[in-house]
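*Asks:* Before we start, here is the structure in question, set down as C-alpha cells.
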Amino acid sequence: MRSFRKVLCGVLSVCALAAPSLAADTYVNPVGATIHASGADQPKLSVLAYDLTDSIITDPNGEPVVFDAYVDTGASGFVISYLTARGYLFNSLFGAEWVPGLYMDGAPLPEFIGEFTEVGLGGPELGDVTGPNFFGLRVRNGQVLAPTYALDKDGFPVAVPPVVDPSEFVDYGKHSLWVRKQEGFGERVSAFGMDVAVQPMNIVGMPLIQQTKMVMDPTTLASGDELNPGKMTTNLLPKSAPDPAANMRFHLRLHDFIGTPEPNETLPAHAKNPVFDGAVFGSNTGGSMLLVENNAMLFDTGATSSFIDFRLMQQIGAIDPNYASYDEYLADYSGILLTAAGIGSIDGPVSIPLEELTELRIPDANGDMVIWRNVVVGVLDFGDLGQGAIQGVVGLNLLLPASTVDLATFTEYGSNPGYFDMICFETIDEDSARLDVLYNPAPEPTSLLLLGLGAAVLVRKRK
C-alpha cells in the first residue's frame, strides 16, 4: 500500500497536557454501556488556495473561492475533489447555478505534472498530481464557513451567508496536491434529476497537520439548535501555543505508508501517519475473556468509526473461526452494515459489517490501559489495506458522542454520550507524536469498578 489517505466515514484526535493526573487502568464507559459505531462529527475547516503568483484564487466576481476540507491524520497527503478542482453545475428546483472551482484543469498552465494511484477504503484510484509550486493552502480555524439560518416574520427559514475575511486564514505553504479525476460516490446527492446536495470531499492531511498543534473541542456539538446544529470546533495552533488542559496522554509512532510508486507515477506531497502500538482486542467467549495483544492501530481523524482486522476478530471468537475468507464471511453476514465512501469509491459505497468487541484496550503514556467496553466496530480485511502494518483503525466514535444506525431502514440501534471534552494531536519529531485528551466521564457506582477482573485467556499474535 502506497498511502492510507481516504475518508472512512468520520473522525478523531488529541493534544498536550502539562501533568496528566489519571493513574492505573481507566475504564472509559460504565459497565453495560456501549460505544456505538459512528462518531457525531469530524474535524473540518474552510480553506483558500493561492496560485503560482501567490494570488488567492477568486471567482469571476473577484470573491475568494472557499472550500471545506476534512482535517485527517489518516491521510498521508492531500485530496482535492474533482468538483472543487474544476467547479461544477448545481442543478436544483430553483434553476442551475455554476459553483466556481480552483481552475485545476491543466490550462492555461500545465499544473498537473503526473499521476499517482491512491489506495483507500474503496480500492485503488488514479488521480492527477500538481506541481509542488503551483498551489498553496490557507486554512481558517474554528468551524467551517457556512450560512446561518433564522426564521423570518412568516416562520420560514432564511439563510444568512457567511463573511469571508482572507486575513483569518493561516498560510501553510505550497504543496504537490493529489486531485481526483472524477466525482466520487456520495459527493452529489440527486433525486428526480435534481441535485439535493453537493458535498465535495477534500482532505488536508499530515503534511499540513504536522506543522501544527491540532486541537478539537467536541463540547460545541451540544451548542446548536434545530436550524443551526452544533459542530465540533477544530483549531490548528502554532506548536508554540500553550497545551490545553488534559488528564490523559498517549504516545504514537509515525509510520510511513508510502512505498515505491508504480512505474511512471509521480509522488504527491506526503508524510507519515500516527499509529497506536500495543492495542489489545478482547471478546468474552464462553464466560472468559479471549485477548489478542500487541496490535497496531492507525489514529484516523478522517474516520467516524473504528475498524478491526477480520482475522483477529476470528482469533478472539467475535467471528466464527470456520470462515475461510473475508468474502465468505461477508456473504453470510446478516447484521447491520456500515456504509462508507472515500478514495476508490467511484461507482458505489463500501458496505462494512459491524461486530462488537467486549473490550478495546490502548496503553497510555504511563503504560496503563485505557479500556473501552462493548465497542461496535467495522470489520475489514487489513491484509489488503495496511500490508500487515496495522490491524485496526481508531476512529472518532471512541472520542465523540456516537450512534449505530442501519441506513437500510434508517433505524437507530443506540447512542452514547462523549466521554472526552478536549482532543489534541501533535507530532513531536519525524518518528513520534502524542495524543492528549481531557477525560470527563459520568460518575459510575464504585461497586461496578470491581467487574472485569475475571479469567482471561491470552492469544499472542504470531510475529
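*Asks:* What's the total number of residues in region 167-193 that are in contact with a Ser or Thr (Cβ under 6 Å, 6 or more places away or on another chain) and loosely packed, with under 12 Cβ neighbours inside 10 Å?
*Replies:* 0
*Asks:* Would you call residue 14 modelled with pLDDT under 95, buried (at least 24 other Cβ atoms within 10 Å of the Cβ), within 24 Å of residue 223 (Cα to Cα) and among the aliphatic types (A, V, I, L, M)?
*Replies:* Working: modelled with pLDDT under 95: yes; buried (at least 24 other Cβ atoms within 10 Å of the Cβ): yes; within 24 Å of residue 223 (Cα to Cα): yes; among the aliphatic types (A, V, I, L, M): yes.
Yes: the conditions hold for residue 14.
*Asks:* Please determine, by comparing only the residues of region 79-97 that are assigned to a strand (DSSP E or B) and either out of contact with any strand residue (DSSP E or B) (no Cβ under 6 Å at 6 or more places or on another chain) or among the small types (Gly, Ala, Ser) (or both), which one is nearest to residue 49 (Cα to Cα).
*Replies:* Let us first name the residues in region 79-97 that are assigned to a strand (DSSP E or B), namely 79-80, 88-92, 95-97.
Checking the rest, the ones that are also either out of contact with any strand residue (DSSP E or B) (no Cβ under 6 Å at 6 or more places or on another chain) or among the small types (Gly, Ala, Ser) (or both) come to 92, 95-96.
Details: 92: 27, 95: 28, 96: 25 Å.
Going through the qualifying residues, I end up with 96.
*Asks:* Being under 30 Å from residue 187 (Cα atoms), more than 22 Å from the chain's Cα centre (by Cα), surrounded by 18 or more Cβ atoms within 10 Å (Cβ to Cβ) and not β-branched (Val, Ile, Thr): is that true of residue 333 here?
*Replies:* On the way: under 30 Å from residue 187 (Cα atoms): yes; more than 22 Å from the chain's Cα centre (by Cα): yes; surrounded by 18 or more Cβ atoms within 10 Å (Cβ to Cβ): no; not β-branched (Val, Ile, Thr): yes.
No: the conditions fail for residue 333.
*Asks:* Look through region 31-67, keep the residues that are within 14 Å of the chain's Cα centre (by Cα) and among the charged types (D, E, K, R), and return whichever of them is nearest to residue 100 (Cα to Cα). Talk me through it step by step, then tell me what you get.
*Replies:* Initially, region 31-67 is screened for residues within 14 Å of the chain's Cα centre (by Cα), giving 37-45.
With among the charged types (D, E, K, R) added as a condition, the list becomes 41, 44.
Values: 41: 27, 44: 20 Å.
Filtering region 31-67 for residues that are within 14 Å of the chain's Cα centre (by Cα) and among the charged types (D, E, K, R), the one nearest to residue 100 (Cα to Cα) comes out as 44.
*Asks:* Out of (1) hydrophobic (A, V, I, L, M, F, W, C); (2) surrounded by 15 or more Cβ atoms within 10 Å (Cβ to Cβ); (3) modelled with pLDDT under 95, the odd one out for residue 203 is which?
*Replies:* (3)
*Asks:* For region 236-255, state whether one or more residues are within 23 Å of residue 49 (Cα to Cα), among the small types (Gly, Ala, Ser) and surrounded by 15 or more Cβ atoms within 10 Å (Cβ to Cβ). Don't jump to the end; show me each part of the working.
*Replies:* Kept after step one, since they are within 23 Å of residue 49 (Cα to Cα), are these residues of region 236-255: 236-239.
Then keep just the ones that are among the small types (Gly, Ala, Ser); that gives none.
No, every residue in region 236-255 fails to be within 23 Å of residue 49 (Cα to Cα), among the small types (Gly, Ala, Ser) and surrounded by 15 or more Cβ atoms within 10 Å (Cβ to Cβ).
Let's see how each residue does on (1) surrounded by fewer than 17 Cβ atoms within 10 Å (Cβ to Cβ); (2) small (Gly, Ala, Ser); (3) over 19 Å from residue 45 (Cβ atoms):
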site	(1), (2), (3)
81	no, yes, no
85	no, yes, no
94	yes, no, yes
97	yes, no, yes
111	no, no, yes
122	no, yes, yes
128	no, no, yes
138	no, no, no
147	yes, no, no
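*Asks:* If you check every pair at least six apart or on different chains, which have Cβ atoms under 6 Å apart with a residue in region 323-352 that is touching a residue at least 12 places away in the same chain (Cβ under 8 Å) and more than 21 Å from residue 303 (Cα to Cα) first and a residue that is surrounded by fewer than 19 Cβ atoms within 10 Å (Cβ to Cβ) and β-branched (Val, Ile, Thr) second?
*Replies:* So the pair list comes out empty.
*Asks:* If residue 384 meets every condition in (1) part of a helix (DSSP H, G or I); (2) of a type in the set (Asp, Glu); (3) at pLDDT 95 or above apart from one, which number is that one?
*Replies:* So the condition that residue 384 fails would be (3).
*Asks:* Filter region 221-235 down to the residues that are surrounded by 16 or more Cβ atoms within 10 Å (Cβ to Cβ) and either hydrophobic (A, V, I, L, M, F, W, C) or over 21 Å from residue 426 (Cβ atoms) (or both) and list them by number. Spell out how you get there, then give the answer.
*Replies:* At the first step, the residues of region 221-235 found to be surrounded by 16 or more Cβ atoms within 10 Å (Cβ to Cβ) are 221, 230-235.
Within region 221-235, 221, 230, 231, 232 qualify.
*Asks:* Among the residues of region 200-235, count how many are closer than 21 Å to residue 72 by Cβ and touching a residue at least 60 places away in the same chain (Cβ under 8 Å).
*Replies:* 25
*Asks:* Can I ask one more? How do the pairs read when you match residues in region 287-310 that are on the phi > 0 side of the Ramachandran plot and in contact (Cβ under 8 Å) with a residue 12 or more places away in the chain with residues anywhere that are part of a strand (DSSP E or B) and surrounded by fewer than 24 Cβ atoms within 10 Å (Cβ to Cβ), using Cβ under 7 Å and keeping only pairs 6 or more apart or on different chains?
*Replies:* Here the result reads 294/278, each pair linking region 287-310 to a residue that is part of a strand (DSSP E or B) and surrounded by fewer than 24 Cβ atoms within 10 Å (Cβ to Cβ).
*Asks:* Is it true that residue 67 is modelled with pLDDT of 95 or more, outside any loop (DSSP other than H, G, I, E, B) and of a type in the set (Phe, Trp, Tyr)? Outline the logic, then answer.
*Replies:* Working: modelled with pLDDT of 95 or more: yes; outside any loop (DSSP other than H, G, I, E, B): yes; of a type in the set (Phe, Trp, Tyr): yes.
In short, yes.
*Asks:* Checking residue 277 against (1) touching a Leu at 6+ places or on another chain (Cβ under 9 Å); (2) buried (at least 19 other Cβ atoms within 10 Å of the Cβ); (3) modelled with pLDDT of 95 or more, only one condition comes out false. Which one?
*Replies:* Every condition holds for residue 277 apart from (2).
The values are calculated or read from the model by the stated rules, or taken from the named source; none is laboratory data. This one's a predicted model, so the numbers in the text were calculated from it and none came from an experiment. Here Cβ is always computed from backbone atoms with ideal geometry, including for glycine, and neighbour counts include all displayed protein chains.
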